Amino acid sequence: MKKQKIGIVCYPTYGGSGVVATELGIALAARNHEVHFITYKQPFRLEAFHPNVSYHEVSFENYALFENPPYETALASRIVDVVLHEKLDILHVHYAIPHASAAYMAQQILLAQNIFIPFITTLHGTDITLVGKDKSFLPVVQFSINNSNAITTVSESLKKDTISFFDINKEIVVVPNFVDFKRFSKKNKPHFKQLVAQNDEKILIHISNFRKVKRVEDVVRMFEIVNKTIPSKLLMVGDGPERQKCESLTRELEICDQVKFLGKQEAVEDLLAIADLMVLPSETESFGLAALEAMACQVPVISSNTGGLPEININGQTGFLSDVGNYEDMAKNAIFILSDSARLEQFKTNALLKAQEFTIDFVVPQYEKIYREVLESNV
Ligand code: GMT
C-alpha cells in the first residue's frame, strides 16, 4: 500500500484498546507508514524509539472554573493542529468515547478550512457494551459512530451488540485483535518458575485492569477450589478498582501464601512463560486480548462464555467456557485440564494453533485495506 500519514487516537493506559492501537501503530510504521499517536500520555507499550512514529501529547492548563477538565475539546484541538502541521491523510480512533466525537469535531473544523480528513472508528468493547449505551453518552456515541468514514469492531459479537444497542446506518467491518509472536511465544524460564512454584505447583494467571467487569473475585474463588485438589499458585497481574476487595477475599479464604498480586507489569510475556492456565471470568469481553496473548504463549484459557470469547477460546480444545459467575464450573474445568499432563500438553498445543489465526501479518493488512478504501472513496 502507498505510504500514508496516519493519526492514531487512543487511551495510553493499561487496557486492551490502547495496546491494540499502539501495536497497530508500530506495525504500520514497520510497513513504512508515518504514524502519529495523539493522546494525553505516552502509550504504555510505546516503549522504545521507532522510526516513523511520533507522539503528540494532549496537554492543557486546567482552569479553576472546570470541575472536570474539557479533555474532548483539547483533544479535538490537538487533532486539528497535528493534521494541519503533519499533513495527515487519515485518522484512526480507538474506543468511541470521546475519541470518535473529537475526531468528528476536528473533521468539521478542518472542513471549514477546505481540508478533508477522514476518520475510522474502531469499537473495542465497553465503549459499546457498558459506557456507550448509557443514556448520558448514547446520542453522541451513536452520532459519531454513524458519521465515521468507516467503522470496525474487534469481534462478530461486538458487531452484533453495536447493531442491537444503536441505530447504525453504516456497514461495520470486523477486524479482530492480533498478537505479536515475536514478543508472545513460549519461552523456557525454569529458574523463574522455580521462584514462583518451589514445589513444582501448577501456575494459574489472571491479567486485567481489575475493573468490575473482569469479575476478579471469581478468579480467587475458582482458584481456592482448584488448589484443594491440585497444589497451585495464582498470579494476579494488573491493578484497578477491584484489587482491594480481591486481596481481602484472599485473606478471608486463607490462601494468601498461594496468591501473588503483582500489580501492573510490562513484561507479561515472561509471566505467561511460566503459566499453565489463564483465567478470564469477565462479565463482558468483546474479544479478550489477554486470552489471545496467553494462547500465543501456549497457555490454555478458562473463561466465561460471554461476548467474543467463544470466537477465540474453543470449548474443550483451547480451554473451556463457563457461564458468567459459575466459578465452580471453571474450577472443575481447570482441574480436568491440569490433572493429566498429556491432556495439558494437548490443550497447550491447541491454544497455540488457534492463536496463530491472529497474527500481525493477517490483521494489519485488513486495516490498510480499510484506509485505502476510505481514501479512494473520498478523492
Ligand atoms: O478489557 C478492558 O477493560 C480494556 C478494554 C479497553 O477498551 O481498553 O479492552 C477492550 O478492548 C480489547 C481490545 O480490543 C478487547 O480485547 C477486550 O476484550 C475489551 N474489553 C472488554 O470488552 C471488557
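Residue 187 meets the stated requirement of being farther than 29 Å from residue 246 by Cα, part of a loop (DSSP other than H, G, I, E, B) and charged (D, E, K, R). Restricting attention to region 158-207, the residues that are farther than 29 Å from residue 365 by Cβ, basic (Lys, Arg) and modelled with pLDDT of 95 or more total 1. I'd like to check something: does region 287-296 contain any residue that is within 24 Å of residue 155 (Cα to Cα), within 16 Å of the ligand (Cβ to nearest atom), part of a helix (DSSP H, G or I) and acidic (Asp, Glu)? Yes, some residue in region 287-296 is within 24 Å of residue 155 (Cα to Cα), within 16 Å of the ligand (Cβ to nearest atom), part of a helix (DSSP H, G or I) and acidic (Asp, Glu). Among the residues of region 140-161, the ones that are aliphatic (A, V, I, L, M) and farther than 19 Å from residue 21 by Cα come to 2 in all. Here residue 220 meets each of (1) within 16 Å of the ligand (Cβ to nearest atom); (2) outside any strand (DSSP E or B); (3) surrounded by 22 or more Cβ atoms within 10 Å (Cβ to Cβ) with one exception, condition (1).
Is it the case that some residue within region 307-318 is assigned to a helix (DSSP H, G or I), of a type in the set (Gly, Ala, Ser) and either more than 30 Å from residue 232 (Cα to Cα) or under 25 Å from the mean Cα position of the chain (by Cα) (or both)? So far as region 307-318 goes, no, none of its residues is assigned to a helix (DSSP H, G or I), of a type in the set (Gly, Ala, Ser) and either more than 30 Å from residue 232 (Cα to Cα) or under 25 Å from the mean Cα position of the chain (by Cα) (or both). Inspect region 38-57 for any residue being in a helix (DSSP H, G or I) and crowded, with 23+ Cβ neighbours inside 10 Å and give the result as yes or no. Within region 38-57, none of the residues are in a helix (DSSP H, G or I) and crowded, with 23+ Cβ neighbours inside 10 Å. Of all residue pairs spaced 6 or more apart or on separate chains, those with beta-carbon atoms under 8 Å, a first member in region 283-311 that is farther than 20 Å from residue 122 by Cα and a second member that is among the aliphatic types (A, V, I, L, M) and near the ligand (Cβ under 7 Å from one of its atoms) are 283/213.
The values are calculated or read from the model by the stated rules, or taken from the named source; none is laboratory data. Computed from a prediction, not measured in an experiment: that's the story for all the values here. Please note: Cβ atoms are built from the backbone with ideal geometry, for glycine as well, and neighbour counts cover all protein chains shown.
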